[in-house]
């Protein structure tokens, strides 16, 4: 009888001890670090071209945008000519974006406009813009960085490249503009982002217009182009999925529990 009582007491103690060890292991797993926090929302490319000779401009637009990551490539091109007697307008634009994962992307934009008119002919006007854009969210504080080359080096109203970075209101953050301005030459920039939802735009703009009838200039060329590499870096997030090191800790822990229980059981029955 005494032997059975001690065996039962051993079983109860062993069960309590095992539950405590399991609780510790589960708690450790729950706070183990894990992976990426960048989430894809929408990306795409769009183009707009306008051309007119002595009349309101004709406008053409095109876009390739999606809420689905798909193959991670988006592109849009558009061109628009206009002719009247010896007056010509030529506009073209392109935008493209290629992803290497949701946290890395390469963007390209181009815009070109040319207006050519002889003296005493109606004024000509052409406008083109190409855009690549990305909407994303981050679950933790992150850093967005980009390196870029943009031409012309001396941006102006007629030809320029712009970069815009902003947070969207209603997603835990106020609507904040981090950057919205011209990009000229080559360089790199970085921005610290809090958890929230953001938009990033790269746009090339070109505007060409001849003067009124009988005045100079008679030919105007305008163009802009840019390449940009974007990356978003986030610290490890908290996850419930154990990492390899945590699995190893669990295996060692369970082995230790088993060895301890076997040792206690032999000791109790020997004293019985």
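From the P(r) of the range 38-235, can you give the percent of Cα pairs sitting at distances over 23 Å?
Of all Cα-Cα pairs in the range 38-235, 48 percent lie more than 23 Å apart.
Which FRET efficiency value, to the nearest 0.05, do you get for residue 182 and residue 85 by plugging their Cβ-Cβ distance into 1/(1 + (r/R0)^6) with R0 = 41 Å?
Using R0 = 41 Å, I get an efficiency of 0.70.
Which order do 74, 69, 120 fall in if you start with the one that has the fewest other Cβ atoms within 10 Å?
With the sparsest Cβ surroundings first, the list reads 120, 69, 74.
Please give the FRET efficiency for residue 192 paired with residue 118, using the beta carbon to beta carbon distance and R0 = 41 Å, rounded to the nearest 0.05.
For R0 = 41 Å, the calculated efficiency reads 0.15.
Taking the beta-carbon count within 10 Å as an exposure proxy, list 102, 138 from fewest neighbours to most.
102, 138
Mind checking the full-extension length gain between residue 147 and residue 67? Use 0.36 nm per residue of separation minus the Cα-Cα distance, one decimal, nm.
26.3 nm
All of the numbers you see were taken from the coordinates with simple rules; none came from a lab. Nothing here was measured: the structure is a model prediction, and the numbers come from that model. A quick note on method: Cβ atoms are made from the backbone with ideal geometry, for glycine too, and the neighbour counts reach across all protein chains shown.
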